[in-house]
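Novice: Once you've had a glance at the structure underneath, I'll fire off some questions.
The values are calculated or read from the model by the stated rules, or taken from the named source; none is laboratory data. The structure presented is a predicted model; accordingly, all values stated were derived computationally and were not measured. All Cβ positions, even for glycine, are placed from backbone atoms using ideal geometry, and neighbour counts span all protein chains on display. Heavy atoms of the whole protein, side chains included, go into the accessibility calculation; ligands, DNA and RNA do not. Shrake-Rupley method; radii C 1.70, N 1.55, O 1.52, S 1.80 Å.
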Amino acid sequence: MVTTAASDQLAAEHRVPAGHGAWPAGGVDLPGGAGDLLTREIIRHRPARLVGTLGPQGTSSEEAAGFLWDRLHGGAPKCEPQVGLYDTYEQAGNALRSGEISHVVIANAYARINEFYMDTRIALAAAFVLETPLYGIARDLDHKVPAVPVVATHPAPVPLVDQLLPARYTGRKITLTPSTSAAARAVRERTADLALTTEPAADRYGLRFISRTRTIQMVWSVFVAEDAQQHRAHHTRRDPPGSH
């Protein structure tokens, strides 16, 4: 796990104004005018110590976690976001259950997010809409790319490969990676020819976009550990009417 301090600029650039792709009504008001989060009362009782999500540095998840920290702390300028990055969402979930982190942020496009919703040891605390950084097909300019390249990508955005792959390539082979940042690293390490990755990850690994780029309008779920009292209240068996 790597802990990062996200910049104030990151939080400011990705702040979602009320009414622009978020839920300005029906949520619990939070400090700093964070009414664009759809929240449950439970979030009031979970101070943000360390927000965990999918790493390494350069993922969309890292930016979403930094955004959440900024919202929970009202955008306080001297309160640097504390984000814990993990190799998988599952590792972040384990850190949440053990108390290592206070919140975990997961993209709703993640295929196995249902396991988090069904886990009675954790609880959904909030959700928000946040546009991802730019995605595109990136290469290392020092590496010769074949006509049928191996493209590294996280499983969730695989459909973007065919949307963005330049027409000069006659085909492609897909190799799956744990994150978009890991996809960029695969190109740097020469285990893939191209990467479907984010702009921050491409910059981090010295890659250059060779395709048009686009963002993804994403819903993010925020989970917290559920204490024993809440667990009993939420998950106690309720007999159907007339069963006695």
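Novice: Under a crude label model (7 Å from the Cα following the beta-carbon direction), how far is Ser98 from Glu41 in nanometres?
Specialist: Label at Ser98, label at Glu41, 3.3 nm between them.
Novice: Of all the accessible heavy-atom surface of the stretch 52-164, with the other protein chains kept in place and a 1.4 Å probe, what percent is carbon and sulfur?
Specialist: C and S fraction of accessible area: 53 percent.
Novice: Roughly how many Å is it from the Cα centre of the stretch 197-225 to that of the stretch 72-124, as a whole number?
Specialist: Rounded to whole Å, the Cα centres lie 18 Å apart.
Novice: Within a Cβ distance under 11 Å of Pro149, other residues only, what is the Lys/Arg minus Asp/Glu net charge?
Specialist: In short, +4.
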